[in-house]
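See structure below.
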Amino acid sequence: MRIKNLGARHDIVRVGDQPTHCFLILEGWACRYKLLSQGRRQILSFHTPGDIHGIQSLYIPTMDDSLATLTKAMVAFIPHDSLRELMARFPNIAAAFWRNMLINAGIFREWLVSLGRRSAFEQVAHLFCELYLKQQAVGLAGDYRCPLPITQADLADALGLTPVHINRILQEMRAQTLIMLRSHVLVIKGWDELLRVSEFDSTYLHLEGRVNDASLIARAD
């Protein structure tokens, strides 16, 4: 693999590209997105350290979405040929990649439910629960705190809202003592209430072996 240090807001791969590598996020945050006319952006997913992107390009050569950094990031570029050799030699690794793709599909389904049926407040609450748990699972979060180095515009583009609406919701959450945002860190002060309001069920993240019930979800490993 080749490791690159990239600046914020840097496209790693774009729609229409035919990459020869997959991309492992080692540090920083990235997102998958699509652009519409007049620069309108829909963020499809957030990616944090430990996430690998582009496995589908092993089988489908042309990208139908883009991947960009949101912050400064360290990214490992892993050649397709190396991954194919690894998967052929170690079937359990191939199975792990397939499992990763299936879990990502589950996350997309959950985001679709949020965009289609949850209120704006519920969407933000649900996303905060997801981002916390994903980072907690790889040791980057605990004690109801996790990094959140993204802008209100990024949240708006992920949830189909405006930055003004996002700002209003965050103020409401602060007023209800549900969260604090400080120096790009999200502090969840009302975890049980966020779970209740958003009807959050962590099943789609498939964190078996790490969490047993809602009361234990937010405990650091």
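Here are the numbers for the structure shown:
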item	result
In region 102-136, the residues that are outside any helix (DSSP H, G or I) and touching a residue at least 60 places away in the same chain (Cβ under 8 Å)	ARG118
Test: residue in region 160-176 that is in a strand (DSSP E or B), more than 18 Å from the chain's Cα centre (by Cα) and either over 26 Å from PHE108 (Cβ atoms) or not assigned by TED's automatic domain parsing to the domain that holds LYS72 (or both)	no
Some residue of region 158-181 being crowded, with 17+ Cβ neighbours inside 10 Å, in contact (Cβ under 8 Å) with a residue 60 or more places away in the chain, among the β-branched types (Val, Ile, Thr) and under 28 Å from LYS72 (Cβ atoms)	no
Some residue of region 80-89 being over 21 Å from HIS206 (Cβ atoms), surrounded by 14 or more Cβ atoms within 10 Å (Cβ to Cβ) and in contact (Cβ under 8 Å) with a residue 60 or more places away in the chain	yes
Number of positions in region 125-142 that are farther than 17 Å from ASN104 by Cβ, of a type outside the set (A, V, I, L, M, F, W, C) and buried (at least 19 other Cβ atoms within 10 Å of the Cβ)	2
Region 16-40: number of residues that are more than 25 Å from LEU205 (Cα to Cα) and surrounded by 14 or more Cβ atoms within 10 Å (Cβ to Cβ)	3
Any hit, region 94-107, residues being in contact with a Pro (Cβ under 8 Å, 6 or more places away or on another chain) and surrounded by 13 or more Cβ atoms within 10 Å (Cβ to Cβ)	no
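Residue-wise test of (1) assigned by TED's automatic domain parsing to the domain that holds VAL124; (2) outside any loop (DSSP other than H, G, I, E, B); (3) under 21 Å from ALA96 (Cα atoms); (4) out of contact with any helix residue (DSSP H, G or I) (no Cβ under 9 Å at 6 or more places or on another chain).
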position	(1), (2), (3), (4)
VAL15	no, no, no, yes
PHE23	no, yes, yes, yes
ILE43	no, yes, no, no
ILE60	no, no, yes, yes
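The values are calculated or read from the model by the stated rules, or taken from the named source; none is laboratory data. This is a predicted model, so every value here is computed, not measured. So basically every Cβ, Gly included, is an ideal-geometry build from the backbone, and we count neighbours across all protein chains shown.
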